[in-house]
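> Structure provided below as structure tokens; questions to follow.
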Amino acid sequence: MERRIGPDPTLVLICIPMPRSTEKQPNSSLATDLRGLYFALREKAWLLALVTVLGIAAAAFVVRRSQKIYAATTTIQIEEERQRVVRADPRGMDELSTEKELKTIVENLESPALMLRLARHPELAEIPAFRAQIAGIDSESRLQAIVGGKISVKIRVGTRLIDITVEDENPALAQKISQLVVSEFMRASSESGAQNSRGAHEFLRQEADRLKLTLAKSEQALQRYKEQNQAVSLEEKQNIVVERLKDLNTKVTAAKAERLRIEADRAQLDRLQGEPPERLLTLPSIAGAAVVVEVQRKIGEKEAELATLSRRYKPEYPKYLEATGSLAELKVSLGEAILKAASLLGTAFESTKANEEKLEAALRGQEGIALELSQMAIPYKSLERDVEADRTLYDALVARLKETDVAQGVSRFAVRVATPAMLPERPVKPKKSLTLIFGALGSLALAASGVLAAHTLDSSCKTVDQAERLLGLSSLAAIPRQARSVVAGSVLVKKPQSALAESFRTLRTSLGITGKDAGGHAVLFASAVPGEGKSFCAINCAVAFAQQGLRTLLIDADLRLPTVERIILQTQGAPGLSDLLLGHTHLGKAIHLTGIKNLSVMPAGKRVPNLAELFGRSELPAFLQCVAGGYDRVVIDSAPVLTVSDTLLLAPHADTACLVVRAGVTPGHAVVRAVEKLRESGAKIAGFVLNALPIRNGGYYYHYQAPGYGSDEVYGASAALADEAVVEYASK
């Protein structure tokens with residue numbers, strides 16, 4: 001690429017496109033595939049639009065031809081306090097939950113029996129539209145199917161409401177059937193309830209008679225047991241005995257604690273023999289004796305009195321001396337009281353022990369009485385439970401028997417009509433908007449699937465990135481697709497400022513770099529199969545070299561289908577390559593000048609047999625060296641690689657080879673095979689040219705075109721100025 005920078009028109013920046021890296025970036029393949037699918041759809045947008053329009057038209061035709069269907073809806077509400085369902089089980093059963101009850105009602109509303117009742121309803125038979133629908137039908141299953149196909153029942157979520165919708169071509173018939181569904185359901189439910197109630201009533205009556213006899217036998221057995229064991233007041237006796245046991249148990253525990261306490265004091269007294277009496281006050285039994293406590297009280301009072309006298313009188317005072325004497329006598333009395341209490345400790349121990357034994361004997365006696373009463377109570381309780389159980393069952397059956405008398409003829413479900421069916425004014429089917437939307441979306445999806453399937457199955461190279469990944473070669477240039485009139489000649493001559501001409505200048509620059517690295521000037525253009533535009537690329541590349549000021553020779557080596565002479569020289573039968581190789585002419589006559597400066601052409605020459613042997617001669621390398629020595633660039637247009645073997649014989653003698661691939665046309669496996677054959681022949685492949693690439697403004701395809709680029713200017717500079725800059729750069 002050449003780009004002018006700065007205000008000086010002679011200052012031009014030469015930008016040489018480097019080979020694109022074939023290293024796969026993370027997620028690049030996925031992103032490329034998605035973009036490829038997107039642009040495949042965009043390229044076929046006209047097809048998608050056409051199929052969508054056809055789909056909408058077909059949907060509109062279906063809507064126009066479809067029969068109009070009307071819908072009438074009756075909404076019923078299931079009351080929360082519904083009638084109790086009479087059950088034959090005398091023990092009762094749990095009521096159905098709300099959800100299960102609603103589902104049961106829905107199943108009954110859609111039952112075949114109810115459908116058959118509706119089909120034979122006299123009010124429907126009076127409607128001509130319904131008579132016409134069931135005319136000549138005697139099968140009950142078909143009648144059920146016809147009526148059932150019109151009715152749909154649905155529960156409103158989170159409510160106790162049920163919608164009964166009837167669809168029919170006749171609006172009056174739809175309304176009538178919707179109303180009759182509710183009335184017939186309630187009538188059938190009442191009949192079923194009455195039938196169940198009659199059967200349950202008879203069963204309950206028989207069970208009540210049987211339980212009545214069982215209850216009488218149980219009561220008689222209990223009475224006989226009471227008389228035989230005098231157990232009329234058995235429970236009262238048991239209560240008295242239990243209270244006595246509690247009282248005796250408490251007294252025995254207290255007596256045992258008292259005995260243990262006195263026994264411990266006796267043992268302590270034996271250890272304190274010979275000690276002063278005051279030491280015996282540490283024993284609870286002695287310290288708690290009444291006589292000891294009384295003496296201690298008197299001593300305390302006397303000591304208080306003495307303390308009062310000491311504050312008033314001196315120790316020699318008579319009252320003080322009298323009080324002192326009384327205190328001494330009391331202390332002597334205390335010692336005597338302690339000794340007396342100690343002597344009585346043994347007697348107290350024997351007394352408490354005898355009391356404990358007496359209470360234990362009484363406790364054992366009460367326990368025996370309690371055991372006897374418990375043994376008598378076992379059969380008594382068993383008989384009493386039988387009587388209570390029989391009485392409970394009998395009372396429950398009597399109550400249920402009364403319920404059946406009331407429930408006969410009452411519907412099993414408490415149903416009321418919340419919203420009656422109204423006469424529909426507008427049809428519900430066909431739904432025009434929805435049908436048209438589905439038709440458009442369906443046709444669009446079908447067309448898009450076809451386009452994507454074709455894109456996926458297409459193995460041709462549609463982008464430069466795809467070609468580089470597939471071939472493992474660098475892209476030399478991307479040639480945009482042009483009209484056939486433009487392609488017929490050299491675009492560098494006809495439209496030198498076009499984007500197509502600029503792409504060949506890019507190819508010229510890329511080949512200049514690769515040719516310099518290879519150390520030669522001969523460039524061979526080849527393709528995998530015919531029709532890929534190799535001759536077009538070779539001609540315009542040669543013109544690009546010539547416009548750069550390089551002496552260029554264009555050789556038409558496609559001897560089987562030559563085109564260079566007809567396009568450039570506009571003649572036929574001029575001596576050329578085949579004549580030169582066969583020795584029928586010399587080099588001067590085989591090379592022809594053209595109207596383009598610096599460009600000479602060697603046409604294919606006369607058609608000869610055995611072309612493969614002609615290219616296989618040993619004089620071919622020397623011939624190419626001789627020709628290359630007289631020109632700066634030699635461009636060779638060869639035959640397709642996979643069609644004939646001519647190119648494989650010629651390619652090893654060229655300095656570089658350039659493979660032309662037609663975008664979106666050439667199968668990928670064919671191009672890969674051509675690359676393999678060229679490499680096996682020893683050709684030095686410089687890269688590939690992706691020809692006829694669709695032009696997109698910043699889109700999926702590699703060739704971009706934008707306003708101001710490749711039209712009247714070449715990247716901001718005139719084409720002539722750019723060529724002069726490239727020549728100057730190449731000479732340096």
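> Taking amide hydrogens as modeled 1.01 Å from N in the peptide plane, which residues meet the under 5 Å criterion relative to THR666, leaving out close sequence neighbours?
Placed amide hydrogens put CYS461 under 5 Å from THR666.
> What's the Kirkwood radius of the stretch 450-580 in Å, using all Cα pairs?
One over the average 1/r among Cα pairs gives 16.6 Å for the stretch 450-580.
> Each residue of the stretch 592-598 in turn: what ³J(HN,Hα) in whole Hz from Karplus with 6.51, -1.76, 1.60 and θ = phi - 60°, glycine and Pro shown as x?
10, 6, 10, x, 9, 4, 6
> Report, by chain and number, residues whose modeled amide H sits under 5 Å from the one on VAL634, excluding near sequence neighbours (fewer than 5 apart, same chain).
Those qualifying (amide H under 5 Å, at least 5 residues apart or on another chain) are ALA522, VAL523, LEU553.
> May I ask you to order 651-660, 447-456 by the average number of other C-beta atoms within 10 Å around their residues, highest value first?
Packing proxy ranking, top to bottom: 651-660, 447-456.
> Mind listing the phi-derived Karplus ³J(HN,Hα) values for the stretch 126-135, rounded to whole Hz, using 6.51, -1.76 and 1.60 with θ = phi - 60°, and x for any glycine or proline?
Values, residue by residue: 7, 8, x, 4, 6, 4, 5, 6, 10, 4 Hz.
> Sort GLU227, GLU43 so the one with the fewest other Cβ atoms within 10 Å of its own Cβ comes first.
Details: GLU227 9, GLU43 18.
Placing the least packed residue first, the sequence is GLU227, GLU43.
> With a Förster radius of 35 Å, plug the Cβ-Cβ distance of GLN67 and LEU37 into 1/(1 + (r/R0)^6) and report the FRET value to the nearest 0.05.
0.25
> Over all pairs of distinct alpha carbons, what does the Kirkwood formula give as the hydrodynamic radius of the stretch 513-612, in Å?
About 14.2 Å for the stretch 513-612.
> Taking the Cα centre of the stretch 471-608 as origin and charging only Cβ (+1 Lys, Arg; -1 Asp, Glu), how large is the dipole, in debye to the nearest 20?
Value, rounded to 20: 280 debye.
> If you don't mind, another one. Fully extended, how many nm does the chain gain between ARG224 and SER183 (0.36 nm per residue separation, minus their Cα-Cα distance)?
On the way: separation 41, 0.36 × 41 = 14.76 nm, distance 6.03 nm.
Answer, rounded to one decimal: 8.7 nm.
> Still on this structure, please answer the following. Starting from the Cα of ARG210, step 7 Å along the direction of its Cβ; do the same at VAL417; then give the gap between the two resulting points in nm.
In this crude label model, ARG210 to VAL417 measures out at 4.5 nm.
> Give the order of VAL51, VAL63 when sorted by the count of other beta carbons within 10 angstrom, beginning with the fewest.
If I rank by nearby Cβ atoms, fewest first, I get VAL63, VAL51.
> With θ set to phi - 60° and the Karplus curve 6.51 cos²θ - 1.76 cosθ + 1.60, what are the ³J(HN,Hα) couplings of the stretch 418-427 in order, to the nearest whole Hz, using x for Gly and Pro?
7, 9, x, 5, 9, 5, x, 9, 10, x
> Would you pull out the residues with amide H under 5 Å of ALA289's amide H, same chain only if 5 or more places away, H placed 1.01 Å from N?
The list, which skips near neighbours in sequence, is empty: none.
> Also, quick follow-up: Could I have the simple spin-label model distance between LEU587 and LYS494, label points 7 Å from Cα toward Cβ, reported in nm to one decimal?
3.4
Rule-based calculations on the coordinates, nothing more; no lab input. Please read these numbers as outputs of a predicted model, since none were measured by experiment. Please note: Cβ atoms are built from the backbone with ideal geometry, for glycine as well, and neighbour counts cover all protein chains shown.
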